[in-house]
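Reviewing the structure listed below.
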Amino acid sequence: MAAKRLVSLTPLATVQGPVGEAASTAIASINSELELWNGIQNIIYGLSLGSVLLLAAIGLAITFGVMGVINMAHGEMVMIGAYTTFVVQQIIRVSAPGLFDYSLLIALPAAFLVSGAIGVVIERGIIRFLYGRPLETLLATWGISLVLQQATRSWFGASNVQVGSPSWMSGSFDVGMLTLTWSRLWIIVFALAVFATLQLVLKKTMLGLRMRAVTQNRRMASSMGIRTPWVDALTFGLGSGIAGIAGVALSQIDNVSPNLGQGYIIDSFMVVVFGGVGNLWGTLVGAMSLGIANKFLEPFAGAVLGKIFVLVLIILFIQKRPRGLFALKGRAIEA
Amino acid sequence: MLTVENASLHYGAAQALRGVSLEVKPKSITCVLGRNGVGKTSMLRAIVGQHPLSSGSISFDGTVLGKKPPYDRARAGIAFVPQGREIFPLLTVRENLATGFAAAKRGNRNVPPEVFELFPVLKTMLGRRGGDLSGGQQQQLAIGRALVTRPRLLVLDEPTEGIQPSIIKDIGRAIRFLRDQTGLAILLVEQYLDFCRELADHVYIMDRGEIVHSGDAASLDKPEVRKFLTV
Ligand SMILES: Nc1ncnc2c1ncn2[C@@H]1O[C@H](COP(=O)(O)OP(=O)(O)OP(=O)(O)O)[C@@H](O)[C@H]1O
Ligand SMILES: [Mg+2]
């Protein structure tokens, strides 16, 4: 609309006299309005990219925070969640096509359970033997990530699988001069809901209390009777399960292929480090600000250069504040 | 109730315990004294399972503890109040107490009333972060937290360290109350001689990783015993 008006006004602006002046001021005001809407669009797109980052990073943040484990296979947990969505939709298409609009709601718990169970198996089977050896853990989980990718490739094929969108997820709507897709909006809402639920689990449940106790002082937590190996396994399961949920969301906006997880793992690590390890609010703010920064830089620098720019900024930032954006402060920390 | 037999413990090549033997009886306060660095904390770490013995054995209620991890010992009834208190700094006082539910039996997942009777200050601070408490308040919280696990043996490492006299009195009163009213066995490591002499039913003195004296509280006044404690 504004663009159309702009087109019709532009020739008039060259006319001498009051008509030309009026046209010029009209053009200026339309331009500034466009710029404003452009900024709003960048923020909204940035928030939806940030929500994706948040979903992918939040599970990583808790495994890293509680256990100090750098899990290179985290991206594959996301990928497995996306494939679970695919499988759920296939089953629904065949056996109960009427339920297709609910397919994502069914896929959420399914993806949580599948990715979570695989996470527990990986922790019990491999990672627990490597605690205190970060380099070996890094290599082992990297190996696991390759194995999981290859397994998916042999099972489902190397090319993308088609994951459909239920009706309430597809289509778009207009706000002012913007056109927003429902999927973007739902992902923001969904990421915030997952974040809030996780906060509740950490703050209000027995498992959450035990996870926090183990994070703060593993040895003392054990002496209070907390079975630390269980807490580790469940934490890993929870982190992986949330990654699976992230996969359900990602299946709506990205191609579902065996490499899906690879695209998010680096960004997720950046979010965790930037936000400050062991602090979920930091992860939230970190994810959103990285998402918005990416979107604002993209038009100037292009997607790849924009990413490099953000990476450099983060490296500089970490030099200044090694403990991240939200380093915990106060007497409680020195204790 | 607790028997340590001929226990040795190493940190890498350095030996911290050299064949320590001692016994803790039910309904009694056993006190271990000794100068800095003689191995008192190391012995307690071995008892609660935070550090393995290199030889010797520890048994509780007749069963050898062996390689049992700390959480199983806590569930078996051994509660630990460590040196430096080790309160969970970012958990509230209420949450710090609730960590002890992990070791308590299902029906006992609450804070026993005597915790607030002995340390009323905790009741007024339930919502505060543990790390924000003063040293004395943290010490009281550490003891309260240990009691939440419903222990039968309470192991305390220098509970008077850096604490003002009035709170030391409260702690002493609490320890005596626990022995007399709940029949708890108490193993107390201390450097504060008078505190031990007032409370102990039995005392041991450690020097360079070994037990060098065993006797009743009055024996602490003998000069040949004193020489192990003067710096
Ligand atoms: N984690 C450790 N690694 C290596 N050596 C240690 C460790 N902990 C203690 N030690 C050494 O073992 C010896 C005994 O230490 P321990 O902490 O048991 O002494 P302590 O009697 O509790 O002293 P204090 O009265 O100062 O608390 C000391 O020489 C100490 O340096
Ligand atoms: Mg000590």
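The values are calculated or read from the model by the stated rules, or taken from the named source; none is laboratory data. Values in this document were obtained by computation on a predicted structure and should not be read as measured data. Cβ sites come from the backbone with ideal geometry, for glycine too, and all protein chains shown count toward neighbours. All accessible areas refer to the heavy atoms of the entire protein, side chains included, with ligands and DNA or RNA removed. Shrake-Rupley method; radii C 1.70, N 1.55, O 1.52, S 1.80 Å.
Once Lys and Arg get +1 and Asp and Glu get -1 on their Cβ, which of A:S222, A:Q89, A:W142 lies farthest toward the positive end of the dipole of the protein assembly as shown?
Going by the charge dipole, the pick is A:S222.
Please check segment B:33-50 for residues whose accessible area, probe 1.4 Å, is lower by 40 Å² or more when all protein chains are in place than in their chain alone.
SASA drop of 40 Å² or more in segment B:33-50: B:Q50.
For the protein assembly as shown, what is the mean residue ellipticity at 222 nm derived from helices alone (per DSSP H run of n ≥ 4: -39500 (n - 2.57); sum divided by total residues; nearest 500 deg cm²/dmol)? Mind dumping the intermediate values first?
Details: 21 runs with 327 residues, N = 566.
Computed ellipticity for the protein assembly as shown at 222 nm equals -19000 deg cm²/dmol.
Cα centroid distance between segment A:3-18 and segment A:85-103, in Å?
Answer, in whole Å: 54.
Determine, from the Cβ-Cβ distance of B:L193 and A:L138 and an R0 of 51 Å, the FRET efficiency 1/(1 + (r/R0)^6), rounded to the nearest 0.05. Intermediate results must be reported in sequence, preceding the final value.
Numbers: r = 52 Å, r/R0 = 1.01.
Plugging the Cβ-Cβ distance into 1/(1 + (r/R0)^6) gives 0.50.
Output the DSSP H helices from chain A with an along-axis C-alpha extent of no less than 18 Å and a mean Kyte-Doolittle hydropathy no less than 0.0.
Values: long enough: A:18-67 (71 Å, 1.11); A:74-95 (32 Å, 0.74); A:103-125 (32 Å, 1.69); A:134-156 (32 Å, 0.50); A:182-204 (32 Å, 1.41); A:228-250 (32 Å, 1.24); A:262-275 (20 Å, 1.37); A:280-320 (30 Å, 1.51).
Helix filter hits for chain A: A:18-67, A:74-95, A:103-125, A:134-156, A:182-204, A:228-250, A:262-275, A:280-320.
Tell me, what is the percent relative contact order of segment A:41-263, built from C-alpha pairs under 8 Å that lie six or more residues apart? Numbers along the way, then the final one.
Numbers: 309 pairs, mean separation 99.7, N = 223.
Once divided by the residue count of segment A:41-263, the mean separation gives 45 percent.
Could you compute the FRET efficiency for A:T25 and A:L305, with r as their C-beta to C-beta distance and R0 at 30 Å, rounded to 0.05? Walk me through the numbers before you get to the answer.
Values: r = 36 Å, r/R0 = 1.20.
Computed FRET efficiency for A:T25 and A:L305 comes out at 0.25.
Given charges of +1 on the Cβ of Lys and Arg and -1 on the Cβ of Asp and Glu, with all other atoms neutral, how large is the dipole of segment A:41-263 about its Cα centre, in debye to the nearest 20?
Working: 13 positive and 7 negative charges, 162 e Å.
Rounded to the nearest 20 debye, it is 780 debye.
Could you tell me the center-to-center distance, by alpha carbons, between segment A:240-283 and segment A:19-48 in angstrom?
33
When ligands, DNA and RNA are left out and all protein chains stay put, how many square angstrom of accessible area per residue does the protein assembly as shown have with a 1.4 Å probe?
Per-residue value: 45 Å².
Among the DSSP beta bridges whose two residues both lie in the protein assembly as shown, what percent are antiparallel, rounded to the nearest 5? Working shown, then result.
Values: 25 of 43 bridges.
Bridges in the protein assembly as shown that DSSP calls antiparallel: roughly 60 percent.
Label segment A:1-125 by shape, choosing from rounded, prolate and oblate, from the square roots a ≥ b ≥ c of the eigenvalues of the Cα gyration tensor; if a/c is under 1.5 it is rounded, and otherwise prolate applies when a/b is larger than b/c, oblate when it is not. Working shown, then result.
On the way: a/c = 6.15, a/b = 2.37, b/c = 2.60.
Taking the square roots of the gyration eigenvalues as a ≥ b ≥ c, segment A:1-125 is oblate.
B plus A alone minus the pair: what accessible area, both sides summed, probe 1.4 Å, in Å² to 100? Don't skip to the answer; put the middle values down first.
On the way: alone 10780 and 17370 Å², together 25670 Å².
Buried area (both sides, nearest 100 Å²): 2500 Å².
Which trypsin sites (Lys or Arg not before Pro) does segment B:144-231 hold that lie in a coil by DSSP with at most 15 other beta carbons within 10 Å? Each step should come with its number before you reach the end.
Values: sites: B:R145, B:R152, B:K169, B:R173, B:R176, B:R179, B:R197, B:R208, B:R226, B:K227; in loops: B:R152, B:R208, B:K227.
Here the sparse-neighbourhood loop sites are B:R208, B:K227.
Roughly what % of DSSP beta bridges within segment B:81-231 run antiparallel, to the nearest 5? The partial results should precede the final answer.
Details: 6 of 12 bridges.
Close to 50 percent.
Report relative contact order for segment A:130-233 in percent, whole number only (criteria: Cα-Cα under 8 Å, sequence separation at least 6). Let's see the in-between values first.
Details: 44 pairs, mean separation 10.2, N = 104.
Once divided by the residue count of segment A:130-233, the mean separation gives 10 percent.
What's the average, rounded to a whole number, of partner chain beta-carbon atoms within 10 Å of each residue's beta-carbon in B:78-86?
3
For segment B:81-138, state which trypsin sites (Lys or Arg not before Pro) are in a DSSP loop and have at most 12 other beta carbons lying within 10 Å of their beta carbon. Walk me through the numbers before you get to the answer.
Values: sites: B:R85, B:R94, B:K105, B:R106, B:R109, B:K123, B:R128, B:R129; in loops: B:R85, B:K105, B:R109, B:R128.
Within segment B:81-138, the qualifying trypsin sites (Lys or Arg not before Pro) (loop, at most 12 other Cβ atoms within 10 Å) are B:K105.
Using the Kirkwood radius built from alpha carbon pairs, what does the Stokes-Einstein equation give as D for the protein assembly as shown at 20 °C and 1.002 mPa s, in µm² per second?
Values: Rh = 27.5 Å.
Taking Rh from Cα pairs, D becomes 78 µm²/s.
Please check: in the Gaussian network model of chain A (C-alpha springs, under 10 Å), which one of A:Q41, A:Q319, A:Q262 has the largest mean-square fluctuation.
A:Q319
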